[in-house]
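Asks: Dropping the structure in here first, questions after.
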């Protein structure tokens with residue numbers, strides 16, 4: 001019996017009565033995880049607050065020494081779902097309930113210094129960033145240089161960490177090339193940099209890369225990940241998601257980064273170019289950001305995505321948590337969710353005709369406009385669109401805790417060219433030319449069919465009207481002229497071709513002639529101005545965190561789309577705020593004077609810092625590894641896996657066949673295997689995507705705030721067996737032989753390492769390669785030289801493509 005009772009006492013999940021329960025370790029974390037959302041600083045449902053021992057006792061939820069009569073225990077242990085707490089999610093585990101009971105039975109003791117959680121509105125990310133002073137540090141080199149190094153050095157000193165040595169020049173050059181333009185340096189570029197010992201050699205390279213057209217492709221693609229760029233998809237030819245010709249937005253992004261368009265202006269153009277620049281097609285392309293969220297079947301699903309990803313992408317806030325109830329962690333109400341949705345409620349998508357093509361299914365610019373300015377936003381009870389609150393009026397607005405002054409909306413009167421596209425001279429001329437051709441064809445058919453002169457004259461009179469009238473004549477009035485022809489059946493056959501061709505033009509013309517609303521609500525302009533305001537506490541922080549992630553392989557704030565209270569603290573909050581302030585209002589001079597919101601300015605600050613130029617090796621740094629195994633405080637550089645785009649583009653680039661043509665429609669899936677264009681120009685949607693890029697974790701078009709980095713066998717197989725890998729390896733091998741002519745194996749191996757990996761082989765690597773070449777030649781004894789040696793060397797080149805250092809940015 002004693003043995004049986006001891007088993008009960010010691011059963012997993014149960015706590016001995018005599019075993020003390022630690023409030024800080026066992027109770028407070030549990031309450032924080034499961035109870036604070038409804039009974040903490042954010043909300044006190046039932047007038048109960050449990051975020052401190054004092055509040056628990058004051059609220060009467062517990063009776064020290066009596067768990068059986070404590071309301072807290074009764075509620076969390078209840079089998080009645082209507083009574084059980086917490087009301088959402090799974091019930092507390094038996095061992096958690098047991099610890100609560102034991103803690104109360106032991107007197108519900110709490111430390112004297114136990115304090116309630118701080119006011120959520122005072123969360124670090126909700127306070128406007130203030131430029132911090134540079135911290136003191138013993139690192140004199142950091143003090144006299146880049147402010148980034150000062151902040152990093154102060155953290156290292158505080159934690160007893162020592163930075164490793166700078167990276168080798170070859171490694172550094174490859175790093176910054178891949179980082180800024182997404183392409184590796186050639187062997188010639190590497191040698192030139194190694195030999196340049198001038199003080200400004202590295203900065204000169206950085207300036208060249210930032211001025212390169214390939215910079216915009218590399219960094220435009222990064223932010224298109226965040227903005228969820230995707231080509232259209234649907235069922236067959238039916239458009240269900242995104243938009244045809246959305247690539248115009250992609251080209252806008254690339255051009256904007258190359259021109260160093262301020263990030264604030266990028267935001268304004270993506271959210272509201274149709275209100276701010278209604279007659280500028282180049283800027284209207286930016287509204288592809290909103291056009292991309294188009295969903296054919298359900299307006300609520302469409303706008304849910306707009307709300308969610310505008311919040312995550314620009315502000316680092318999870319507004320989507322509030323669709324069904326108030327946010328459990330941040331001071332965002334369910335009302336705020338629907339008010340935020342109301343900002344977007346009126347907008348719709350249209351495709352504007354471009355010069356040279358009337359058929360918008362073949363060409364056109366997808367852009368947004370306020371189609372229904374009076375559209376009402378429903379308030380869905382518990383987030384269920386089948387159950388709207390019919391008595392609630394939802395007005396456009398922002399979360400009050402972030403925007404106390406509200407949303408300042410001013411309606412925008414649009415110029416005629418914006419709401420009546422045919423007023424654009426070049427488009428009207430295009431329609432007129434098409435109409436003239438159709439009418440001429442119809443008149444010719446009438447003449448051949450024997451129509452009387454009077455009828456032909458009447459027909460000619462229609463040509464003098466508006467081009468749309470000419471179209472209408474060619475289609476709708478033609479039937480009335482049949483009666484004037486001696487042989488109607490013959491005339492009908494003659495006209496059929498002209499009529500059928502003209503009908504499609506009439507439909508397109510009518511859609512362009514139909515006037516759109518002449519006034520836009522101005523809501524999206526107001527939102528864009530608020531987000532892009534330098535006083536907004538979130539926008540700049542979120543942006544620089546994305547930059548930092550892509551430069552260092554790890555962000556300063558761990559969750560790049562969650563800056564709220566559920567997220568983690570920044571690893572270096574002072575550095576984050578300094579960078580945010582520097583983005584908005586640059587004060588540190590480096591090269592040319594920077595302009596506000598300049599990404600290129602921050603890029604240069606980051607990549608010219610000593611921190612960025614550290615080696616990524618942890619060799620001989622055991623003390624650092626022990627103190628900071630994850631390199632959270634940057635005592636070395638992080639090694640990162642190449643993303644899918646770089647893997648493919650680098651192969652083509654090293655083979656000398658990469659097509660650097662920019663812009664234009666995407667390369668269709670069937671043509672991608674033979675295409676030599678950069679990967680960001682490939683058609684890429686939820687339904688259609690490149691298999692090789694997928695193997696290396698290509699962007700997920702539904703949500704990609706940070707690309708994943710998997711390690712799977714298929715990656716090695718692709719770099720050995722794919723047509724791309726084999727073809728590029730052969731071209732690299734051919735180039736090396738043409739350049740080196742009669743070089744011996746040692747020289748060839750060294751050149752192959754420098755070309756493919758951007759570095760020289762170690763003695764062991766060289767010896768291994770030479771041994772392999774000897775074995776390969778022996779295995780090919782039936783082949784003749786020089787083909788035998790060339791084929792053997794090809795295997796070495798392909799092995800280097802499979803080397804971990806090829807797909808790794810050190």
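Coordinate-derived values only; no laboratory data. Note that the coordinates shown come from a computational prediction; the quantities given were computed from them, not determined experimentally. Cβ sites come from the backbone with ideal geometry, for glycine too, and all protein chains shown count toward neighbours.
Asks: Assuming 0.36 nm per residue, please report the length gained on full extension of the stretch residue 743 to residue 115 beyond their Cα-Cα distance. Before the final figure, lay out each step's value.
Replies: On the way: separation 628, 0.36 × 628 = 226.08 nm, distance 7.44 nm.
Stretched out fully, the residue 743 to residue 115 stretch lengthens by 218.6 nm.
Asks: Among 774, 335, rank each residue by its count of other Cβ atoms within 10 Å, from fewest to most, as a rough exposure measure.
Replies: On the way: 774 12, 335 17.
So the residues, fewest neighbours to most, are 774, 335.
Asks: Order of 602-608, 162-168, 411-417 by packing, highest average Cβ count within 10 Å first?
Replies: Taking the mean over residues of other Cβ atoms within 10 Å, the ranking is 602-608, 162-168, 411-417.
Asks: Neighbour counts of other C-beta atoms within 10 Å: give me 338, 202 arranged from fewest to most.
Replies: Working: 338 25, 202 18.
By the 10 Å Cβ count, ascending: 202, 338.
Asks: Is the C-alpha gyration tensor of the stretch 139-275 telling us rounded, prolate or oblate? Criteria: a/c under 1.5 is rounded; beyond that, a/b larger than b/c is prolate, otherwise oblate.
Replies: Working: a/c = 2.52, a/b = 1.85, b/c = 1.36.
In terms of gyration-tensor shape, prolate.
Asks: If you don't mind, there's one more thing I want to ask. Mean separation of Cα pairs under 8 Å and 6+ residues apart, divided by the residue count of the stretch 203-348: what relative contact order is that in percent?
Replies: So the answer I get is 18 percent.
Asks: Also: Using a ≥ b ≥ c from the Cα gyration tensor of the stretch 636-707 (square roots of the eigenvalues), is it rounded, prolate or oblate, where a/c under 1.5 gives rounded and otherwise the larger of a/b and b/c decides, a/b for prolate?
Replies: oblate
Asks: With a Förster radius of 45 Å, plug the Cβ-Cβ distance of residue 663 and residue 45 into 1/(1 + (r/R0)^6) and report the FRET value to the nearest 0.05.
Replies: Rounded to the nearest 0.05, the efficiency is 0.25.
Asks: Give, in nm to one decimal, the length gained when the segment between residue 191 and residue 764 is fully stretched (0.36 nm per residue of separation minus the Cα-Cα distance).
Replies: Going from the current span to full extension adds 204.0 nm.
Asks: Obtain the nm distance between the two label points defined at residue 203 and residue 723 by a simple spin-label model: each point lies 7 Å from its Cα along the Cα-to-C-beta direction.
Replies: Inter-label distance under the simple model: 4.8 nm.
Asks: A further question follows. Using only the alpha-carbon atoms of the stretch 141-213 as identical scatterers, what base-10 log of I(q)/I(0) does the Debye formula give at q = 0.11 Å⁻¹?
Replies: -0.37
Asks: With the crude spin-label approximation of a point 7 Å out along Cα→Cβ, what separation in nm comes out for residue 162 versus residue 63?
Replies: Placing both labels 7 Å along Cα→Cβ, they lie 6.3 nm apart.
Asks: I've got another one for you. Given R₀ = 51 Å, FRET efficiency for residue 395-residue 775 by Cβ-Cβ distance, to 0.05?
Replies: On the way: r = 77 Å, r/R0 = 1.51.
So, using R0 = 51 Å, E works out to roughly 0.10.
Asks: Also: Over the stretch 2-117, what is the relative contact order in whole percent, taking alpha-carbon pairs under 8 Å and six or more residues apart?
Replies: Relative contact order of the stretch 2-117: 32 percent.
Asks: Now, a different point. Let me have the relative contact order for the chain, percent, based on Cα pairs under 8 Å that are six or more residues apart.
Replies: Relative contact order for the chain comes out at 14 percent.
Asks: Still on this structure, please answer the following. Sticking to Cα atoms, compute the Rg of the stretch 2-117 to one decimal and its Dmax as the biggest Cα-Cα distance, whole number, in Å.
Replies: 14.3, 49
Asks: Next question. Say each of residue 324 and residue 790 gets a label point 7 Å from the Cα, pointing the same way as Cα to Cβ; how far apart are those two points in nm?
Replies: Taking the two extended label points, one gets 6.6 nm.
Asks: On a C-alpha basis, how far is the centre of the stretch 419-441 from the centre of the stretch 74-146 in Å? Whole number, if you could?
Replies: 66
Asks: Between rounded, prolate and oblate, where does the stretch 83-192 land on the alpha carbon gyration tensor, with a ≥ b ≥ c its root eigenvalues, rounded for a/c under 1.5, else prolate if a/b exceeds b/c?
Replies: prolate
Asks: For the stretch 653-700 and the stretch 528-587, compute the distance between their C-alpha centroids and round to whole Å.
Replies: So the separation of the two Cα centres works out to 31 Å.
Asks: Let me ask you something else. Provide the percentage of antiparallel DSSP beta bridges, counting only those with both residues in the chain; round to the nearest 5. Don't jump to the answer; show the numbers that get you there.
Replies: Working: 18 of 20 bridges.
Percent antiparallel among DSSP bridges in the chain is about 90.
Asks: Can you give the helix-only mean residue ellipticity at 222 nm for the chain, where every DSSP H stretch with n ≥ 4 adds -39500 (n - 2.57) and the sum goes over all residues, rounded to the nearest 500 deg cm²/dmol?
Replies: Taking each H run of at least 4 residues, the total per residue is -14000 deg cm²/dmol.
Asks: Next question, about the same structure. Translational diffusion coefficient of the stretch 338-390 at 10 °C, 1.306 mPa s, Stokes-Einstein with Kirkwood Rh over Cα pairs, in µm²/s as a whole number.
Replies: Stokes-Einstein gives a translational diffusion coefficient of 118 µm²/s.
Asks: By average Cβ neighbour count within 10 Å, what is the ranking of 247-257, 737-747, 126-136, 265-275 from highest down?
Replies: Top to bottom by mean Cβ count within 10 Å: 265-275, 247-257, 126-136, 737-747.
Asks: Highest mean first, how do 322-333, 609-620 rank when packing is the count of other Cβ atoms within 10 Å averaged over residues?
Replies: Ranking, from highest mean packing down: 322-333, 609-620.
Asks: What is the gain in length, in nm to one decimal, between residue 403 and residue 238 on full extension, counting 0.36 nm per residue of separation less the C-alpha to C-alpha distance?
Replies: My answer for the length gained is 55.3 nm.
Asks: Scan [x] 1.11; [y] 1.46; [z] 1.19 for the value of Cα Rg over 2.2 N^0.38 Å calculated from this model and give just the label.
Replies: Derived directly from the coordinates: [z].
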